[in-house]
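Every read-out reported here was derived from the displayed coordinates using simple, explicitly stated rules and does not represent laboratory data. Only a predicted model underlies this, so the values are computations on that prediction, with no experimental measurement involved. FYI the Cβ positions are ideal-geometry reconstructions off the backbone, even for glycines, and counts take in every protein chain you see.
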Amino acid sequence: MKVLIKRLHSPDLPWPQYMTPGASGVDLYAANEAAVAIPPGKVKLIPTGLAVGIPEGFEAQIRPRSGLALKHGISLLNTPGTIDADYRGEIMLIVINLGDKEYIVERGDRIAQMVFTRVEKPQLVLSDELDETERGSGGFGHTGL
């Protein structure tokens, strides 16, 4: 599979890349013009400067970076974010600071990762009945802690 990547702006930033041979996602870099301060509990929209051409039958999932989450409480809302195969606009990141200190996103920071995955589209069939399972309709926490 090939994914076309278009740089919309920010030619000075690194190209998305797999940081190790076993990595599942490519790192995305913050393409904000100036540093962006995110106070605790607040959300900011961070540009990546990139658009992608994903083949039909696939999606890109945008995920937080674990190190930022652990060390600073930085995550992404709408996680994982979905980039549909027919979207051609700039990939934007909805960044939230869940930590207790202000976090500064500098231009060029590795701020998220993008994982490509296959999408199945089953036929949806309206039904009055569903098959029985052992779990049934047991919801959140029904099996205990």
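Brief remarks follow.
- FRET efficiency estimate (nearest 0.05) - Cβ-Cβ, T143 to Y87, R0 35 angstrom: 0.40
- In Hz, Karplus ³J(HN,Hα) per residue of the range 74-80 (6.51, -1.76, 1.60; θ = phi - 60°; x = Gly, Pro): 8, 9, 10, 7, 6, 8, x
- Distance between modelled label sites at K2 and A34, nm, 7 Å Cα→Cβ extension: 4.1
- Potential extension, M19-R118 segment - 0.36 nm per residue separation minus Cα distance: 33.5 nm
- Binning the C-alpha pair distances of the range 1-47 at 10 Å intervals from 0 yields a P(r) profile of 20, 42, 32, 7 %, listed from the shortest bin outward.
- The base-10 log of I(q)/I(0) for the chain, evaluated at q = 0.10, 0.11, 0.19, 0.21 Å⁻¹, reads -0.46, -0.54, -1.10, -1.26 [Debye formula, identical scatterers on Cα atoms, solvent excluded].
- Close amide H partners of L8, meaning residues 5 or more places away or on another chain with modelled amide H under 5 Å apart, are L50, A51.
- Listed by chain and number, the aspartates and glutamates whose alpha-carbon sits under 15 Å from that of K44, ignoring those within fewer than 8 places in the same chain, are E33, E102, E106, D109.
- Sparsely packed loop sites in the range 1-88 (the GluC sites (Glu not before Pro) outside DSSP H, G, I, E and B with at most 11 other Cβ atoms within 10 Å) comprise E33, E56.
- Value of D in µm² per second that Stokes-Einstein yields for the range 36-86, Kirkwood Rh from Cα pairs, at 10 °C (1.306 mPa s): 124
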